[in-house]
């Protein structure tokens, strides 16, 4: 089915309090980045947040499900929680803080 652009517009609007949010389209779905860290996936219009202890504590009793067939388990965040801008911002912020910094990319070698 794929994720609709409207879904991503809504989510990114809800997260405007976080200065370093961006998305990237991948295979008809999206990856959500915070501070250049991949913190969540949006697949079939559902939000799947990377599992961290900080996120588990923040959510309380998270529902866990695969984001796509064959993936590991992520915290599935229901659409009703998306409406609470402060709660959603807090979850993404806590998750990003708990994840390691991305590894620097190796420079590309030029053909020569």
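No lab work stands behind these numbers, since they all come straight from the coordinates. This structure is a prediction, so every number in the text was calculated from the model and none was measured. Note that we place each Cβ from the backbone using ideal geometry, even for glycine, and neighbour counts take in every protein chain shown.
Packing around the peptides 73-79, 39-45, 19-25, taken as the average count of other Cβ atoms within 10 Å per residue, puts them in this order, highest first: 39-45, 73-79, 19-25. Here the peptides 59-67, 94-102 are ranked by packing, the mean other Cβ count within 10 Å, and the order with the highest first is 94-102, 59-67.
Normalising the Debye intensity of the chain to I(0), with uniform scatterers on Cα atoms only, and taking log10 at q = 0.18, 0.19, 0.21, 0.22 Å⁻¹ returns -0.88, -0.98, -1.19, -1.31. With the helix formula -39500 (n - 2.57) applied to DSSP H stretches of n ≥ 4, the chain reaches a computed 222 nm mean residue ellipticity of -8500 deg cm²/dmol. Over every pair of different alpha-carbon atoms in the range 59-112, take the mean of 1/r and invert it; report that Kirkwood radius in Å. Averaging 1/r across every pair of different Cα atoms and inverting gives 14.3 Å. For the chain, find the longest principal axis of its Cα atoms and tell me its angle to the long axis of helix 85-98, 0 to 90°, nearest 10. Helix 85-98 sits at roughly 50 degrees to that axis.
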